[in-house]
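The values are calculated or read from the model by the stated rules, or taken from the named source; none is laboratory data. Treat the numbers as computed from the prediction; the structure is a model and nothing was measured. Backbone-built Cβ (ideal geometry, glycine too); neighbour counts: all protein chains shown. Ligands, DNA and RNA are excluded from the accessible area calculation, which covers all protein heavy atoms including side chains. Shrake-Rupley method; radii C 1.70, N 1.55, O 1.52, S 1.80 Å.
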Amino acid sequence: MTKKLKPQSIVIAGGGSTYTPEIILMLLDNTDTLPIRKLKIYDNNEERQKIVADAVEIILKEKAPNIEYLATTDPEEAFSDVDFVMAHIRVGLYEMREQDEKIPLKYGVIGQETCGPGGIAYGMRSIGGVLELVDYMEQYSPDAWMLNYSNPAAIVAEATRRLRPNAKILNICDMPIGLESRMAKILGLNSRKDMDVRYYGLNHFGWWTDVRDKEGNDLMPKLKEYISQNGYSLEALGTDPKENDPSWMYTFRKAKDVYELDPNTLPNTYLKYYFFPDEAAQHSNPNYTRANEVIDGREKRVFGECMRITDMKTAKDTNFHIGDHASYIVDLTRAIAYNTHERMLLIVPNNGSIVNFEPTAMVEIPCIVGSNGPEPLTQGEIPRFQKGLMEQQVAVEKLVVEAWIEKSYQKLWQAFAASKIVPNAAVAKEILDDMIEANKEYWPELK
Ligand code: NAD
Ligand code: G6P
Ligand code: MN
């Protein structure tokens, strides 16, 4: 007998995000296993959100007229009577992402959304924005859960651990999911869900140690063979999705070189920025970085399609497609709402799961997720190579959060200098000083 599932009320924070239409379509496609009674979108930028909001209104009218819909910039309206907050905000918009990427490049250092100096600068902007969302949720819907994928997730997760330790917030990243989908294709499986994985690390800084099928067969040898030749690029299979931008195609191929450093494990693609920072910098055009590529690519494509839907007053022939890219958000919501005990990678306090690593670090590891939140699975002891790298990186992340809390210039300089991506303390200071200037509107004033 199937039990009747309680319909949920969801607010998406960062309603004007380029990811909002896809997430909404994906939610609508899954209402049999995750029924929805109310769907709201919230942003602090009315003009930007309206582009998405008007199209979403048409999509909902056509596909799910029974779901109550609201687009708002008013926190009380947005956060009242919700069961879940799905948060993907970008404090400072692409305009500031561009600065995060371009300022380090002036000094020959790679600028990246979540890694190195760019990630630190973005972290200093994001902390306040995400805390504000947590506080709205706790004020207006104290029983709700926040599923956060606002970046930089590592720093945001550490900040919420320090400053809102009892908040019902789960931090999650789609990179392992995307790479596991690629692994499934390499293995000829239908879905990443046909695999069970062991993985550990920090966000955008981790390794798979085991991949098995549901019968328990070890799939690592076949994956290693492929990845040692191709990285995670699917070009050799002729199946890499065409919409991949060149910079991502390069990243997937580059995983081959990252893998060589430790052939016992399979790496997250983001490690390339730590092991090959010079090459990444040389490969960048200081006048046209990933932010520009996104503005000219994804943003134009998504917003263009939203405006077309609004003009046509119908979404019947929309080219927005529902990939499985965002399906983990449905899985996570269902796990909490209906106690499904799904196994998922989440960013959680280590607390002994990685036995020989800092207990207070926010680590990315498999967890069993149910109504009372995640139960992390022990990953045992990790080797010296990974441990050493993670110690350095977690120090950076913790120093950023301490710098934000204490408004400390000294600690932020230490964070920049401790980053493996920054060559020395003098360059660290130069980048930091430029970034303080660029982030005046967003960072706390440092002493
Ligand atoms: P975007 O700039 O298109 O959208 C972000 C939206 O957030 C904007 O509409 C902006 O106005 C809004 N916003 C900013 N500050 C806000 C605040 N304080 N309150 C409410 N709204 C606010 O960005 P995007 O490229 O679509 O990405 C959105 C976020 O999702 C980014 O943080 C990105 O890094 C993150 N992301 C994370 C993952 C992951 O693996 N965790 C994957 C994809 C994207
Ligand atoms: C992956 C990461 C995200 C990151 C995104 C950047 O999905 O997991 O954390 O935000 O890539 O993609 P973009 O296309 O914006 O460069
Ligand atoms: Mn991520």
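Separation of region 400-436 and region 188-228, taken as the distance between their Cα centroids, equals 36 angstrom. Of the solvent-accessible surface of region 7-56, computed with a 1.4 Å probe over protein heavy atoms with every protein chain present, carbon and sulfur atoms account for 42 percent. Taking Cα centre as origin and charging only the Cβ of basic (Lys, Arg, +1) and acidic (Asp, Glu, -1) residues, the dipole magnitude of region 241-312 rounds to 160 debye. Entry for region 56-163 at q = 0.17 Å⁻¹: log10 I(q)/I(0) = -0.86, Debye formula applied to identical alpha-carbon scatterers, no solvent contribution. Per residue, the solvent-accessible area of region 1-70 (1.4 Å probe, heavy atoms of protein chains only, all protein chains present) comes to 48 Å². Magnitude of the charge dipole for the chain, about its Cα centre and with charges confined to Cβ atoms of Lys, Arg (+1) and Asp, Glu (-1), is about 560 debye.
Distance from the Cα centroid of region 293-360 to that of region 40-92 is 15 Å (rounded to whole angstrom). Here the Debye sum runs over all C-alpha atoms of region 262-418 as equal scatterers in vacuum, and log10 of I(q)/I(0) at q = 0.13, 0.14, 0.20 Å⁻¹ comes out as -1.01, -1.10, -1.23.
To put it simply, the accessible area of region 57-140 at a 1.4 Å probe is 42 percent carbon and sulfur. Accessible area per residue for region 332-388 is 41 Å², calculated with a 1.4 Å probe on protein heavy atoms, without ligands, DNA or RNA. For trypsin sites (Lys or Arg not before Pro), the sites in region 1-68 that DSSP calls loop and that have at most 10 other Cβ atoms within 10 Å are LYS3, LYS4. Solvent-free Debye calculation, one equal scatterer per alpha-carbon of the chain: log10 I(q)/I(0) at 0.09 Å⁻¹ equals -0.57. The convex hull of the Cα atoms of region 1-132, projected and averaged over all directions, covers 9.6 nm².
Using a probe of 1.4 Å, the accessible surface attributed to LEU187 totals some 20 Å² when neighbouring protein chains are kept in position. A dipole drawn for the chain from +1 and -1 charges on Cβ atoms has a positive end, and of TRP404, HIS321, ILE103 the residue lying farthest that way is HIS321. Rounded to the nearest 20, the size of the Cβ-charge dipole of region 194-333 about its Cα centre is 340 debye, with Lys and Arg at +1 and Asp and Glu at -1. Here the accessible area is traced with a 1.4 Å probe on the protein chains. For region 370-447, carbon and sulfur cover 51 percent of it.
Return the subset of LYS38/LYS407; LYS193/LYS224; LYS106/LYS407; LYS222/LYS398 for which the Cα-Cα distance in this structure is over 29 Å, preserving the input order. Over 29 Å Cα-Cα: LYS38/LYS407; LYS222/LYS398. With the charge dipole of the chain set up from +1 on Lys and Arg Cβ and -1 on Asp and Glu Cβ about the Cα centre, the Cα lying farthest toward the positive end among the listed residues MET312, PRO383, GLY118 is that of PRO383.
Here's the picture: charge each Lys and Arg Cβ at +1 and each Asp and Glu Cβ at -1 in the chain, and of ASN30, ASN151, TYR136 the one pushed furthest to the positive end of that dipole is ASN30. Rounded to the nearest whole Hz, the Karplus-based 3J(HN,Hα) values (6.51 cos²θ - 1.76 cosθ + 1.60, θ = phi - 60°) of region 320-328 follow the sequence 5, 10, 8, x, 8, 3, 9, 5, 5, with x at glycine and proline.
With a 1.4 Å probe rolled over the protein heavy atoms of all chains, the accessible area of GLU305, GLU391, GLU445 falls in the order GLU445, GLU391, GLU305, largest first. Taking all protein chains into account, the per residue accessible area for region 89-175 stands at 29 Å² (1.4 Å probe).
For the chain, set up a GNM with springs between Cα atoms under 10 Å and report which of PRO277, PRO65, PRO366 has the largest fluctuation. Of the options given, PRO65 has the highest mean-square fluctuation.
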